[in-house]
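Have a look at the structure below, then the notes.
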Amino acid sequence: MEILILLLALFVLSLFLGVELITKVPPTLHTPLMSGTNAVSGITLVGALLAAGSDSSPLLVNGLGFVAVTLATINVVGGYLVTNRMLAMFKRK
Amino acid sequence: MNPTVVSFIYLVAGILFILGIKGLTKPKTAVRGNTLSALGMLIAVVVTLLDGDVVNYNFIIAGVLVGSCIGAVMALKIQMTSMPQMVALLNGFGGGASLTIALAEYYSKLGSAPESFSEILTPVVASSSNFGSGPEGTIALVSIGLTVLIGALTLTGSLVAFAKLQELMKKSYGLPGGPIGNGIFLVASAVAVVCLVLNPGNTAAMVAIVGLALLLGLFLVMPIGGADMPVVIALLNSYSGIAAALAGFILGNTVLIVAGSLVGTSGLILTQIMCVAMNRSLTNVLFGKMAAGGEAVDADEIYAGKVTSAQPDEVAMMLEMAKRVVIVPGYGMAMAQAQHAVRELADSMEAKGVEVEYGIHPVAGRMPGHMNVLLAEAEVSYDKLVEMERINPTFEDTDVVIVIGANDVTNPMARESEGSPIYGMPILNVDKARNVVVIKRSLSPGFAGLPNPLFAMDHTVMVYGDGKKAVVEMTTALNQA
């Protein structure tokens, strides 16, 4: 139960931090912000790796893990690359 | 690896994500921010792989290879005009990843998985203690149910959004009963979550959550039209983050919670900004049609005999005399792929000493910041892209405004005509400028279905035709002058 409270505290504080941070992002960068946060939400890759790489579980779990790893990797690789491509265009003057 | 070390490294990854988003608050630091964020992702992945729980690498290698190839090809091939489609797909994949993780966790903790199709619905004996001791088991089950629910509806909702943006699905379909139909689906899936929590071995409940949520995602987005897509994409972006944070609760993983909630708030704030910019509530965008106008506005009455059209070379003469010109782009510019032509016109004007700026409405285009990315691609400096609040006071000192492919966001009815469906929506006050040039294919109405009195004003001229062609002709005429 204590762990749950800790996780909940982390969740709520991150929400507040998110509001503080995101409201400062200028409208010009809203599209890269969206693709960049897509890449960040690819952090589910961590959970996907645990599912795909687990041992003593039914094969279905590994199969679902494989799908999760694939989808999360698309988000991570695609998200960071396309964000970088866009931001490079904003940088040059 | 020592669990304390793993947790500590996850903390470092979380900090790097935060610094990454902080970098996005300024164009100059944005690239570095993105790199920091990617670095955080890399160390989080590496430490997970080194963690003792991962023993079977076959599925991982296969998934990473397939995912990297698809992701890299998408990111490098996509055209900037198609960014909304790309983000819609990424939202959907994020939801799909959370969905499959929650399902994997469910069957793994259950200790058995269906081996044939007929076994999918067969209940197994299980209690919440399979998922954790005491209340933790219940919490894990609630998190699993909600992750599946939100992940699945994000997946199908985003695929529909993609189909609409790609113009694969042109019509709008909805459930009979609209919001009530959707409400029934939502309540039914919530009931299925409760059933699952009460009896974790009830695999049919799990199947029901998946099925209902997949359908709900379809029905939620199918009725929504093209110009409302910025809101939908931002909202689905938020859902994909919330699903990731919930998956963090299932696994007790801190970095998932931090990253997921950052993404969740980001999407929500963008949704809010888009709604304010359209002067509509979120429920109105999702479930409502635009309010039917109080008094019917007759387009012929507004336009009859009052619309002046001009040729590109006449506009070029106007531009040559101007001291200050503001360009107002809309979705039509993206459709015509005219961003490079527009920048060349601006270059020619600047070479003649004209001051040029761009006025960007928050909902111009199909996603937040769409116009900015297109113009950045055409090498327009970002300090010339001016937001609505800052550009509006300058229109009175502007000699010519060029509106290209925008309509509703310049409609003065939003300011003046109280009975109008768009009354109260913040607009770019282009009608305050000394001259207005509207580049448009015809007088057809925009998404709101309203005539635009701006087109009939004395100081407005219409240039009919393809946006790119018209702009190129203006540039040629201006260069010869």
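The values are calculated or read from the model by the stated rules, or taken from the named source; none is laboratory data. Since this is a predicted model, take the numbers as computed values, not measurements. In this analysis, Cβ positions are derived from the backbone assuming ideal geometry, glycine residues included, and neighbour counts consider all displayed protein chains.
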Exercise. Does B:Gly96 satisfy the condition of being within 7 Å of chain A (Cβ to nearest Cβ), buried (at least 16 other Cβ atoms within 10 Å of the Cβ) and in contact (Cβ under 8 Å) with a residue 24 or more places away in the chain?
Worked result: yes
For this session: Residue by residue through the stretch B:26-52, note down the ones that are buried (at least 18 other Cβ atoms within 10 Å of the Cβ) and facing chain A (nearest Cβ under 7 Å).
Result: B:Pro27, B:Ala30, B:Val31, B:Asn34, B:Ser37, B:Ala38, B:Met41, B:Ala44, B:Val45, B:Thr48
Exercise. For residues in the stretch B:212-250 being assigned to a helix (DSSP H, G or I) and among the β-branched types (Val, Ile, Thr), which is nearest to B:Ala192 (Cα to Cα)?
Worked result: B:Ile250
Problem set entry | Condition met for B:Gly365 (under 30 Å from B:Asn91 (Cα atoms) and either away from chain A (no Cβ under 14 Å) or at pLDDT 90 or above (or both)) | no
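Does A:Lys91 fit the bill of being in contact with a Ser or Thr (Cβ under 7 Å, 6 or more places away or on another chain), among the basic types (Lys, Arg), within 7 Å of another protein chain (Cβ to nearest Cβ) and within 30 Å of B:Lys26 (Cα to Cα)?
On the way: in contact with a Ser or Thr (Cβ under 7 Å, 6 or more places away or on another chain): no; among the basic types (Lys, Arg): yes; within 7 Å of another protein chain (Cβ to nearest Cβ): yes; within 30 Å of B:Lys26 (Cα to Cα): yes.
Against the criterion (in contact with a Ser or Thr (Cβ under 7 Å, 6 or more places away or on another chain), among the basic types (Lys, Arg), within 7 Å of another protein chain (Cβ to nearest Cβ) and within 30 Å of B:Lys26 (Cα to Cα)), A:Lys91 does not qualify.
Give the residue, chosen from B:Leu196, B:Leu256, B:Leu159, that is closer than 18 Å to B:Ser98 by Cβ, more than 12 Å from every other protein chain (Cβ to nearest Cβ), among the aliphatic types (A, V, I, L, M) and more than 14 Å from the chain's Cα centre (by Cα).
Details: B:Leu256 fails: more than 12 Å from every other protein chain (Cβ to nearest Cβ); B:Leu159 fails: more than 14 Å from the chain's Cα centre (by Cα).
Exactly one of B:Leu196, B:Leu256, B:Leu159 is closer than 18 Å to B:Ser98 by Cβ, more than 12 Å from every other protein chain (Cβ to nearest Cβ), among the aliphatic types (A, V, I, L, M) and more than 14 Å from the chain's Cα centre (by Cα), namely B:Leu196.
Among the residues of the stretch B:59-81, which ones are of a type in the set (S, T, N, Q), out of contact with any Leu (no Cβ under 8 Å at 6 or more places or on another chain) and more than 8 Å from every other protein chain (Cβ to nearest Cβ)? Reasoning before the result, please.
Of the stretch B:59-81, the ones of a type in the set (S, T, N, Q) are B:68, B:79, B:81.
If we keep only those that are out of contact with any Leu (no Cβ under 8 Å at 6 or more places or on another chain) as well, we get B:68, B:79.
Of everything in the stretch B:59-81, just one residue is of a type in the set (S, T, N, Q), out of contact with any Leu (no Cβ under 8 Å at 6 or more places or on another chain) and more than 8 Å from every other protein chain (Cβ to nearest Cβ), namely B:Gln79.
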Exercise. Which of the residues belonging to the stretch B:326-367 are of a type in the set (D, E, K, R) and part of a loop (DSSP other than H, G, I, E, B)?
Worked result: B:Lys352, B:Arg366
